[in-house]
Protein chains: 2
Amino acid sequence: MASSPTPLASLTNRQVRLAARPVGLPTRADWNFTTEPVAEPEAGGIVVKTLALSLDPAMRGWMNEGKSYIAPVEIGAVMRAGGIGVVMASKAPAFAVGDLVSAGLGVQQYCSIPAAELKRSGVFRIDTRLGTPEQWLNVLGMPGMTGYFGLMDVGQPQPGETVVVSGAAGAVGQTVGQLAKIKGCRVVGIAGGAAKCAWVVKELGFDACIDYKAGNVRDELKAACPKGVDVYFDNVGGEILDTVLGRLARKARIVICGAISQYNNTTPVQGPKNYLSLLVNRARMEGIVVFDYTDRFPRAVAEMAGYLKDGRMKSKEDVVEGLDTFPETLLKLFNGENFGKLVLRVASA
Amino acid sequence: MASSPTPLASLTNRQVRLAARPVGLPTRADWNFTTEPVAEPEAGGIVVKTLALSLDPAMRGWMNEGKSYIAPVEIGAVMRAGGIGVVMASKAPAFAVGDLVSAGLGVQQYCSIPAAELKRSGVFRIDTRLGTPEQWLNVLGMPGMTGYFGLMDVGQPQPGETVVVSGAAGAVGQTVGQLAKIKGCRVVGIAGGAAKCAWVVKELGFDACIDYKAGNVRDELKAACPKGVDVYFDNVGGEILDTVLGRLARKARIVICGAISQYNNTTPVQGPKNYLSLLVNRARMEGIVVFDYTDRFPRAVAEMAGYLKDGRMKSKEDVVEGLDTFPETLLKLFNGENFGKLVLRVASA
């Protein structure tokens, strides 16, 4: 069980640490690259070699000071990130060298996970029969679970209803839209650029997709949702949220998952000036944080893996190579350059 | 049954009609005063003499063009208003001369209600054993029902939770706060001026009331709600909504009932820039329209009348005399001059 065939002492761990709290878009000056030796695992702990990291819009929020649903990353700390890695050394009975695990690895090459953290549900072995490591960061991972529980528990879509999702080509958006189709809804995406929109419709099977960069979201939304919007899954906030508020159906549900358009603001967040549409339409707007649903991940993962297997769910990742590209790769999320779930590949198994 | 002892032909009906769509606060120029003869009721209809009218913030919205939860008042039409009146003539078997009724009478001295409208639940005899005509416009009427269903169905307060209500001395606010106390909650009001705040605490039994005109709502809210806000019943919108969003407890519910601070804007509505607190706190914000609950009014009225009778619920009305004062009296709502539910007394029985 507890074994350590690799001489860890011969390895160094390259790390990306938060150097400063960014103002607006993070720049390279907001990061420090450091190296330190790789130590043997603590009693009951493991050492994991990072293979791939999940880069997500929420990371921008973790870089800010102040109370949120999770503590901010401290200045000088390794940047928080979820990822897939391989166990290099184990003093934990439940993990063997060679196991592939999903965990909060941080933006670094190696992560030492102490015994206490292993007991939380955030560290678990992945089953590659259900999906590839990249899929375990996408539809089977946090973004997929966010989409699953946000849509099913908060959005509560009924067959025949119209579901709109922004960030439709992103990690959460692709899950939400495909799942809503599987559940019998009419699905309209909103994404940036003709290529993403075409992919969302042709490959993922959405009924329509609106290119917000092309212009008239309001008119296109009206045309695509003649009966109004029953569920809006919002990943972007800002003007698009206001536009969708203007098209709500009676008793609509808005799932507030994120607001990527606002994360790099140096001015206050743009509040939805059409929020009184909630009153007129007896609608509701509700937030979702995926960590509340960890107990139910296994069943949801099994369901999603079934859809992957039978071809009803597709999973697209945008994989960028190399830990050192992290500062620039992260920015792809905020200028909309990523096409599919953004993954940083750090090493091969 | 059907009888008409008063010579209606001898009466004239003074009316207040919408002359123009106001920009900002309505002025006298936005109204036309007209008179017309009082006709006999149509077959199956009744003629009602207006005794008292309910003046409500929502009336401002009805004066605007455009889709809402109810059609706008047309230019040239008698201004819409709910009220209490006495039946002067009846060709309807269910109503006798002398009956006191609650109905959409409009801002006029006499209202002819056709048979079709009588069948809707919006016209009903009031039982003065349960409450005075003024109380039937207040806690037993639309504002009371709005508060009742908004709090109970949308807010869903649990004993021990903290409920905050803005416009606390107004018609809806006084109902919400007292009902939340009865249901075992800690109740904090927000109102304008020391006199209203003192009344809300001393007479209505709220645990605290914050004078938003006195200054620091944020700090006072923090002091009054040490465990955060579980239910916020919002009648005002604007800065106060944003401030309360900043103090939400986990899984909080915000009831969007109105936004009086925004109704006379000549600029776009101020959206809640702290709306991402819904995400952080897994909270929801939901609209209420009282007309959805008419089927359940009788039971709610009976419950509220019981509280009036046993002294646990008080009902304060601000009664202004005279149809001709309507244009100025309405403005009391928007400059916060009304103290209690604003009622326009048009005639005595």
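The values are calculated or read from the model by the stated rules, or taken from the named source; none is laboratory data. Everything quoted here is computed from the prediction, not taken from an experiment. Cβ: placed from backbone, ideal geometry, glycine included. Neighbour counts: every protein chain shown.
Could you tell me whether B:F339 is among the aromatic types (F, W, Y), in a helix (DSSP H, G or I), more than 30 Å from A:W62 (Cβ to Cβ) and within 18 Å of the chain's Cα centre (by Cα)? Let's see the steps before the verdict.
Numbers: among the aromatic types (F, W, Y): yes; in a helix (DSSP H, G or I): no; more than 30 Å from A:W62 (Cβ to Cβ): yes; within 18 Å of the chain's Cα centre (by Cα): yes.
So B:F339 fails the test.
Of the residues that make up segment B:298-311, is at least one more than 21 Å from B:T146 (Cβ to Cβ), at the interface with another protein chain (Cβ under 10 Å from one of its Cβ atoms) and without any contact (Cβ under 8 Å) to a residue 40 or more places away in the chain?
No, every residue in segment B:298-311 fails to be more than 21 Å from B:T146 (Cβ to Cβ), at the interface with another protein chain (Cβ under 10 Å from one of its Cβ atoms) and without any contact (Cβ under 8 Å) to a residue 40 or more places away in the chain.
Quick one: A:E74 ticks every box in (1) assigned to a loop (DSSP other than H, G, I, E, B); (2) at pLDDT 95 or above; (3) among the charged types (D, E, K, R); (4) surrounded by 19 or more Cβ atoms within 10 Å (Cβ to Cβ) except a single one, so which number is it?
Of (1) assigned to a loop (DSSP other than H, G, I, E, B); (2) at pLDDT 95 or above; (3) among the charged types (D, E, K, R); (4) surrounded by 19 or more Cβ atoms within 10 Å (Cβ to Cβ), only one is false for A:E74: (4).
Of (1) of a type in the set (A, V, I, L, M); (2) within 14 Å of another protein chain (Cβ to nearest Cβ); (3) in contact (Cβ under 8 Å) with a residue 60 or more places away in the chain, A:L330 satisfies all except one. Which?
(2)
Could you check segment A:81-106 and list, in sequence order, the residues that are crowded, with 19+ Cβ neighbours inside 10 Å and part of a strand (DSSP E or B)?
Hits for segment A:81-106 are A:G82, A:G83, A:I84, A:G85, A:V87, A:M88, A:A89, A:S90, A:V101, A:S102, A:A103.
Among (1) surrounded by 14 or more Cβ atoms within 10 Å (Cβ to Cβ); (2) within 21 Å of B:W31 (Cβ to Cβ), which single condition is B:G322 missing?
In the conditions (1) surrounded by 14 or more Cβ atoms within 10 Å (Cβ to Cβ); (2) within 21 Å of B:W31 (Cβ to Cβ), B:G322 misses (1) alone.
Kindly check whether there is at least one residue in segment B:233-240 that is within 14 Å of chain A (Cβ to nearest Cβ), at negative phi and free of Cβ contacts under 8 Å to residues at least 60 places away in the same chain. Walk me through it before giving the result.
Residues of segment B:233-240 that are within 14 Å of chain A (Cβ to nearest Cβ), as a first pass: B:233-240.
So of that shortlist, the ones also at negative phi come out as B:233-236, B:239-240.
Retained after the next criterion (residues that are free of Cβ contacts under 8 Å to residues at least 60 places away in the same chain): B:239.
Yes: segment B:233-240 contains one or more residues that are within 14 Å of chain A (Cβ to nearest Cβ), at negative phi and free of Cβ contacts under 8 Å to residues at least 60 places away in the same chain.
Answer yes or no: is there a residue in segment B:217-231 that is of a type outside the set (A, V, I, L, M) and within 19 Å of B:G144 (Cβ to Cβ).
Of segment B:217-231, the ones of a type outside the set (A, V, I, L, M) are B:218-220, B:222, B:225-228, B:230.
Subset that is within 19 Å of B:G144 (Cβ to Cβ): none.
Within segment B:217-231, not a single residue is of a type outside the set (A, V, I, L, M) and within 19 Å of B:G144 (Cβ to Cβ).
Could you please find all residues in segment B:246-283 being at the interface with another protein chain (Cβ under 7 Å from one of its Cβ atoms) and part of a strand (DSSP E or B)?
Of everything in segment B:246-283, just one residue is at the interface with another protein chain (Cβ under 7 Å from one of its Cβ atoms) and part of a strand (DSSP E or B), namely B:I256.
Collect the residues in segment A:307-343 that are more than 16 Å from A:V16 (Cβ to Cβ) and of a type in the set (A, V, I, L, M), keeping them in residue-number order.
A:L308, A:M313, A:V319
Based on what the data block shows, is A:V201 surrounded by 24 or more Cβ atoms within 10 Å (Cβ to Cβ) and either in contact with a Cys (Cβ under 6 Å, 6 or more places away or on another chain) or farther than 30 Å from A:S348 by Cα (or both)?
Taking the combined requirement at face value, the residue does not satisfy it.
Within segment A:128-151, can one find any residue that is within 21 Å of A:A283 (Cβ to Cβ) and of a type in the set (V, I, T)?
Step one: list which residues in segment A:128-151 are within 21 Å of A:A283 (Cβ to Cβ), which gives A:147, A:149-151.
Then drop every residue that is not of a type in the set (V, I, T), which leaves none.
No, there is no match, as no residue in segment A:128-151 is within 21 Å of A:A283 (Cβ to Cβ) and of a type in the set (V, I, T).
Which one of these does B:S315 not meet: (1) surrounded by 21 or more Cβ atoms within 10 Å (Cβ to Cβ); (2) of a type outside the set (D, E, K, R); (3) over 17 Å from the mean Cα position of the chain (by Cα)?
(3)
Residues are listed down the side, and each one gets a yes or a no for (1) buried (at least 18 other Cβ atoms within 10 Å of the Cβ); (2) within 22 Å of A:L330 (Cα to Cα); (3) at pLDDT below 95; (4) in contact with an Asp or Glu (Cβ under 6 Å, 6 or more places away or on another chain):
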residue: A:V163; (1), (2), (3), (4): yes, no, no, no
residue: A:G173; (1), (2), (3), (4): yes, yes, no, no
residue: A:I182; (1), (2), (3), (4): no, no, no, no
residue: A:I190; (1), (2), (3), (4): yes, yes, no, no
residue: A:A208; (1), (2), (3), (4): yes, no, no, no
residue: A:Y212; (1), (2), (3), (4): yes, yes, no, no
residue: A:N216; (1), (2), (3), (4): no, no, yes, no
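In segment B:284-297, how many residues are within 11 Å of another protein chain (Cβ to nearest Cβ) and either among the small types (G, A, S) or out of contact with any strand residue (DSSP E or B) (no Cβ under 9 Å at 6 or more places or on another chain) (or both)?
Applying the first criterion (within 11 Å of another protein chain (Cβ to nearest Cβ)) to segment B:284-297 yields B:284-293.
Restricting the remaining residues to those that are either among the small types (G, A, S) or out of contact with any strand residue (DSSP E or B) (no Cβ under 9 Å at 6 or more places or on another chain) (or both) gives B:287, B:289-293.
Residues meeting the conditions: 6.
Could you list, in sequence order, all residues of segment A:297-336 that are part of a helix (DSSP H, G or I) and not hydrophobic (A, V, I, L, M, F, W, C)?
Going residue by residue through segment A:297-336, those that are part of a helix (DSSP H, G or I) are A:297-309, A:323-334.
Passing the criteria: A:P298, A:R299, A:E303, A:G306, A:Y307, A:K309, A:D324, A:T325, A:P327, A:E328, A:T329, A:K332.
Working only within segment B:57-70, note down all residues that are in contact with a helix residue (DSSP H, G or I) (Cβ under 8 Å, 6 or more places away or on another chain) and within 14 Å of another protein chain (Cβ to nearest Cβ).
So in segment B:57-70, the residues in contact with a helix residue (DSSP H, G or I) (Cβ under 8 Å, 6 or more places away or on another chain) come out as B:57, B:59-60, B:63, B:67-70.
Listed by number, the residues that qualify are B:P57, B:R60, B:K67, B:S68, B:Y69, B:I70.
Does segment A:259-273 contain any residue that is under 29 Å from A:E317 (Cα atoms) and among the charged types (D, E, K, R)?
no
Within segment A:250-285, count every residue that is hydroxyl-bearing (S, T, Y) and within 23 Å of the chain's Cα centre (by Cα).
First, the residues of segment A:250-285 that are hydroxyl-bearing (S, T, Y): A:261, A:263, A:266-267, A:275, A:277.
This time we only want the ones that are within 23 Å of the chain's Cα centre (by Cα), so: A:261, A:263.
So the answer is 2.
Out of A:G76, A:G66, A:G85, I need the residue that is free of Cβ contacts under 8 Å to residues at least 60 places away in the same chain and closer than 16 Å to A:V343 by Cα. Which one?
Numbers: A:G76 fails: closer than 16 Å to A:V343 by Cα; A:G66 fails: closer than 16 Å to A:V343 by Cα.
After applying the criteria, what remains is A:G85.
Please return the ranges of helices (runs of 4 or more DSSP H) entirely within segment A:107-155 where 3 or more residues are at pLDDT 95 or above. Steps first, please.
Details: elements: A:115-118, A:133-137, A:142-149.
The qualifying helices (runs of 4 or more DSSP H) are A:133-137, A:142-149.
Note down all Cβ pairs under 6 Å where the first residue falls in segment A:261-276 and is touching a residue at least 60 places away in the same chain (Cβ under 8 Å), the second is among the aromatic types (F, W, Y), and they're at least six residues apart or on different chains.
What qualifies is A:N264/A:F334.
I'd like to verify a number: residues in segment A:12-30 that are over 15 Å from A:Q109 (Cβ atoms) and outside any loop (DSSP other than H, G, I, E, B), how many?
So in segment A:12-30, the residues over 15 Å from A:Q109 (Cβ atoms) come out as A:18-30.
If we keep only those that are outside any loop (DSSP other than H, G, I, E, B) as well, we get A:18, A:28-30.
Adding up the residues that qualify gives 4.
What residue, of B:L53, B:L25, is touching a Gly at 6+ places or on another chain (Cβ under 7 Å), under 30 Å from A:S277 (Cα atoms) and either modelled with pLDDT of 95 or more or surrounded by 14 or more Cβ atoms within 10 Å (Cβ to Cβ) (or both)?
Values: B:L25 fails: touching a Gly at 6+ places or on another chain (Cβ under 7 Å).
Going through B:L53, B:L25 in turn, just one is touching a Gly at 6+ places or on another chain (Cβ under 7 Å), under 30 Å from A:S277 (Cα atoms) and either modelled with pLDDT of 95 or more or surrounded by 14 or more Cβ atoms within 10 Å (Cβ to Cβ) (or both): B:L53.
Look through A:I190, A:I182 and report the one residue that is more than 12 Å from chain B (Cβ to nearest Cβ) and within 20 Å of the chain's Cα centre (by Cα). Talk me through it step by step, then tell me what you get.
Values: A:I182 fails: within 20 Å of the chain's Cα centre (by Cα).
Every option except A:I190 fails the conditions.
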